[in-house]
């Protein structure tokens, strides 16, 4: 684990919420709505300052993002300079600004990653074939079976496999995930030397592979086994030049579709009462921390990729017409306009309060599942 990259990742993660709220702030000011407070983190307050504009700027003790407090945030408020007194179009722009900022950040980060080297995290990841160069392709240990030759050799998840053989001359290099099964089968039942890298440092250990009979017999069981006992995964970095902006937009679109498909699975699981299916599709702050912690071993590009995906996800989730989210707030406002009814402060607080309560319930459930899953 690289502590520096973990800290950077966590700072960037919190910053995504801060820039989201800053988008609301900028658009509110451009549309004549007064900003009473802009906070980094959540109270209690650690430090505060009243700015010339009259806005209170605060740094708070709970580093979970940030918030912006506008004057007269109820839709029915009429005082000059309040959010409620703004036109419907101004309200639309103010509420949408946070989503658009996160979307913009995601596209820019994907574009920069395409220029410096973007991790390939899905099989058919969008790219422009004629302008794509593979910078790195490493075979990593994904999962180590218990009581396997790999576990006896001391291999761990994310170790980079280099070669395997009976000696320094009779060996096979591992340059792709497909190389591992063929290499281990050729040394079935033999004592081999496994050369690998851990945290950038070369290492080697010996173990005796399973025999062909052991592997063949296991295929007819519910737990088929391999000669070494690892599930390999590839970590690929690919770079673009002139097509980087196209890749940035293309990947944003591709991941947006995958995100909404995943959300559909979550909703289906909840309606079926299958919380295991629903929660397996998502992660909360605990899951994000684990992902950043483990991903730090793969380098800064992977950390930036995680942050870009999270920024895109924040934009997509906040755009949904769910009460307490930006999209939900806008949806309720427009719905009452269409119905020709007045959105009273009491009704507004009830609608978004219930939405917030439900979201907090899901947050607690996801956090519980994350803790159980990772610790």
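The values are calculated or read from the model by the stated rules, or taken from the named source; none is laboratory data. Just so it is clear, the model here is predicted, and its values are computed rather than measured. All Cβ positions, even for glycine, are placed from backbone atoms using ideal geometry, and neighbour counts span all protein chains on display.
Look at residue 150 and say whether it is buried (at least 19 other Cβ atoms within 10 Å of the Cβ) and either touching a helix residue (DSSP H, G or I) at 6+ places or on another chain (Cβ under 9 Å) or under 30 Å from residue 333 (Cα atoms) (or both).
No, not satisfied.
If you check residue 66 against the conditions, is it modelled with pLDDT under 95 and either exposed (fewer than 13 other Cβ atoms within 10 Å of the Cβ) or in contact with a strand residue (DSSP E or B) (Cβ under 7 Å, 6 or more places away or on another chain) (or both)?
The answer is yes for residue 66.
Which helices (runs of 4 or more DSSP H) sit wholly inside segment 278-366 and have at least 1 residues that are under 20 Å from residue 90 (Cβ atoms)?
300-318, 326-339
Consider segment 155-175. How many of its residues are outside any loop (DSSP other than H, G, I, E, B), within 27 Å of the chain's Cα centre (by Cα) and farther than 17 Å from residue 185 by Cβ?
1
Any residue at all in segment 254-264 that is over 30 Å from residue 131 (Cβ atoms), outside the structural domain of residue 139 (by TED's automatic domain parsing) and in a helix (DSSP H, G or I)?
yes
Identify all residues within segment 343-365 that are at pLDDT below 90 and in contact with a helix residue (DSSP H, G or I) (Cβ under 8 Å, 6 or more places away or on another chain); write none if there are none.
Correct list: 355, 365.
Of everything in segment 161-209, what is touching a residue at least 60 places away in the same chain (Cβ under 8 Å) and closer than 23 Å to residue 295 by Cα? Give them in sequence order.
161, 199
What number goes with the only condition from (1) at pLDDT below 75; (2) crowded, with 16+ Cβ neighbours inside 10 Å; (3) in contact with a helix residue (DSSP H, G or I) (Cβ under 6 Å, 6 or more places away or on another chain) that residue 292 does not pass?
(1)
Quick check: anything in segment 87-99 surrounded by fewer than 15 Cβ atoms within 10 Å (Cβ to Cβ) and touching a residue at least 60 places away in the same chain (Cβ under 8 Å)?
yes
Looking at residue 213, is it more than 30 Å from residue 258 (Cα to Cα), part of a helix (DSSP H, G or I) and not assigned by TED's automatic domain parsing to the domain that holds residue 314?
When the stated conditions are applied, residue 213 passes them.
Scan segment 216-248 for residues that are crowded, with 20+ Cβ neighbours inside 10 Å, modelled with pLDDT of 95 or more and in a loop (DSSP other than H, G, I, E, B) and report the count.
Total satisfying the criteria: 1.
Being over 22 Å from residue 322 (Cβ atoms) and surrounded by 20 or more Cβ atoms within 10 Å (Cβ to Cβ) is true for just one of 78, 58. Which residue is that?
Just one listed residue meets the conditions, 58.
If a residue must be outside any loop (DSSP other than H, G, I, E, B) and out of contact with any helix residue (DSSP H, G or I) (no Cβ under 6 Å at 6 or more places or on another chain), how many such residues does segment 14-39 contain?
So the count comes out to 13.
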